[in-house]
1. Would you list B:His458, B:His358 from the most to the least accessible area, probe 1.4 Å?
2. Mind checking the dipole of chain B: about its Cα centre, +1 per Lys or Arg Cβ, -1 per Asp or Glu Cβ, Debye to the nearest 20?
3. Quantify, in whole percent, the carbon and sulfur part of the accessible surface of segment A:10-96 (1.4 Å probe; protein heavy atoms only).
4. In deg cm²/dmol, rounded to 500, what helix-only [θ] at 222 nm does chain A give when every DSSP H run of at least 4 residues adds -39500 (n - 2.57) and the total is split over its residues?
5. Kindly write out, for segment B:399-412 in residue order, the coupling ³J(HN,Hα) from the Karplus curve 6.51 cos²θ - 1.76 cosθ + 1.60 (θ = phi - 60°), rounded to whole Hz, with x marking Gly and Pro.
6. Starting from the residue with the highest accessible area, list B:Phe410, B:Phe634, B:Phe654 in decreasing order, probe 1.4 Å.
7. Under a 5 Å amide H to amide H cut-off, with H placed in plane at 1.01 Å, what residues pair with B:Gly371 once short-range neighbours are removed?
8. Once the piece of chain linking B:Asp492 and B:Ala540 is laid out straight, how much longer is it, given 0.36 nm per residue of separation minus the C-alpha distance between them?
Amino acid sequence: MLYIKEYFFVSMVIFLLGMIGIILNRKNLILMLMSIELILLAINLAFITFSVHLGDIKGQIISLFVLTVAAAESAIGLAILVAYYRVRGTIEVQKMNRLKG
Amino acid sequence: MYITIVLLPLVSAIVAGFFGRFIGSKGAQFITTSSIGLTFLLSSFAFYEVALSGSPCYVTLFPWMDSGILFVSWGFMFDTLTVTMLVVITSISFLVHMYSIEYMESDPHIPRFMSYLSLFTFFMLILVTADNFVQLFAGWEGVGLASYLLINFWFTRLQANKSAMKAFIVNKIGDFSLSLAMYTIFLVFKSLDFATVFALAPSFYNNTITLFNMEVDALTVIGILLFIGAVGKSAQIGLHTWLPDAMEGPTPVSALIHAATMVTAGVFLIIRCSPLFEYAPFSLMVITFVGSITAFFAASIGLVQNDLKRVIAYSTCSQLGYMVFACGLSNYSVSMFHLFNHAFFKALLFLSAGAVIHAMNDEQDMRKMGGLVSALPITYSMIVIGSLSLMGFPFLTGFYSKDVILEIAFAKFTIEGTFAHWLGTISAFFTSFYSFRLIYLTFLNNPQSNYNTFIKAHEPVFFMLIPLFLLGFGSIFIGYITKDMFIGLGSDFWGNAIYISPNNLNMIDAEFLPVNIKLLPVIFSISGATLSVILYTLFAKNIVTFKLSPIGKMTYGFLSKKWYFDKVYNEYVVQKLLDFGYNVSFKTLDRGLIEVIGPYGIANTINAFVKRFTNLQSGYVYHYAFVICISLTFFIFFYGLWFMIQDLFDIKLFFLFIINLLFISSKY
């Protein structure tokens, strides 16, 4: 018997932690990337939980896909980060407001 | 022939107006005068054929409006009433055209002037020949337009501009009422043809219509609305203020429009609609009261006016009052008879006054004239003839109609009849008083003008004298010649043009009044004239002392300020309306509410919102993430709970929110 509630609760907590990490983080861009990883993993956990609970393999397949995408995403993110550091000399999120309209 | 009567003046107006620069002043004068002369000739034939031989003529040309049950065609009706008006209009118009040739000879805009005169004649003919209310209304508006153009003929004069606008706007009130009357007639009768409406009038007796949520008598409403229209055009009390001011126009215009023809359009309307009025006794009573009050008040104002033309203008107003109350007493034929006679002697008075003004270098103030009897003997005799005729001196034209009017008023034996009789008799006294005051101040008094003007004063020559002679002849004999035809007992002259309910007939009662009642108007007239001459010859100083005494100041001021009508209108109506127009409808509504809700409001709202949204666009990633998170939460919340909260949200509420937002963000 799978404790679906508990598993989903854990997934949700991790998701919210990732969310809060993005919103409250003012200093470091790497932390933001890590938070995104956290969110993706939380979603993965939820996928796998429901896949097991519903006896459907599709959820697990999607979670594998998500892992792949997450790896690619963090690689691209780190690359952008390095390039950004070279241009601006800082990775502080608070100073990244060039999108301001 | 009948269509030619109507169209010839239009052709001459077009030729003189649009091609005046090609045909020149002389050409314009010749063409317009000869066309109107020809029209007069044709009108005389029409008069013979229709009135004397008793064969009314109806000409329907082609449909004008055809929509559902509304069918209006261009139709011309020539019954006795119409041809009588035709003779009056075309003869006076012809004489005025002829008179203008000399009177306006030094004016640079002669073709335009002649064209306007002919245009006026055309519209007047449309008005009197109409066989339905719409066509009558077209002529009615047309004469208003022509009146505006002619008063404003010397358009560089500010006073003329103001008078013309006043005439037009005050007339518009009456026109508006006339159009309301037309709508009511169409509502009740489902037709606007005279023939249909008048034939059906008895069957709608005591019918009611709903007006302002009240059940009122249909014919009374129609009668009163028609009468207000007539009040505007015929310068009865209340809407009379334009008539004295209209004297700013050239004198021939005053003679043609503001004495003989256009102002009688209101009386004509009442006479034309006699079958309607006969079944609306209450409106007849209103007409009697308004007419007799007008006769009295205009005569009393005429007592103290110093402008030569204004005295005659108030006299016109007073005589129109006589005509109107004669209509109110159901004696339409008598009213028409007075209209007919009045046209001649009032045109004579105006044209003679024009000759005086012409001789005095455009001086109109009677106090600056005097002694002209030696310089202008012919004009003097003409003014005396006109005045004697006006005041009803026995056996002149005015005597026949005016005395009959006062007799029928007495013979009515009702409250309004007696009221009209007394006011009319007192007005007769006033009339002769101011007529002889005019004659005395202008002709008999010691010369008050400056030496050069007086020395150069001369009689007019041919073109101005011929109309004077003809009108003088008319002023003496017309009444005597036509009395039995117009108002003789048992005369079948009017045919079906006028309907008098058998209950309202009182010509026979009027025939057998006591002699002293019959003589009363003449006695009053002669005593008024005598008093006037005695006062101004022997007691001239006492008049001045009386004017300077407190009570004299009060009465004189009251009369010379025209019973304060203009003051009250300007201060309590016009000024208030202007203030309302500027402060409320312009500033608050047009530039305020409409713009806040409309263009400026929307533009400002969008601007203000855009500023706020710009502030929202901080550029920080964590802000965006936060907004996304919060919005998502709200969306999910509303989506999940929509079944609970949908009752709180109303489309009207949203509308109010949006309007509020417009006001909050607008700068006004």
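1. Order by accessible area, largest first: B:His458, B:His358.
2. That gives a dipole near 1940 debye.
3. With neighbouring chains kept in place, the figure for segment A:10-96 is 79 percent.
4. -27500 deg cm²/dmol
5. Here the 3J(HN,Hα) series is 4, 5, 7, 5, 4, 5, 4, 5, 5, 5, 5, 5, 6, 6 Hz.
6. Of B:Phe410, B:Phe634, B:Phe654, the descending order of accessible area is B:Phe634, B:Phe654, B:Phe410.
7. B:Phe443, B:Leu444, B:Asn445
8. Difference between extended and current length: 12.1 nm.
The values are calculated or read from the model by the stated rules, or taken from the named source; none is laboratory data. Being a predicted model, the structure only gives us computed values, none of them experimental. Every residue, glycine among them, receives a Cβ derived from its backbone with ideal geometry; neighbour counts consider all protein chains shown. Surface accessibility is based on the protein's heavy atoms, side chains included, excluding ligands, DNA and RNA. Shrake-Rupley method; radii C 1.70, N 1.55, O 1.52, S 1.80 Å.
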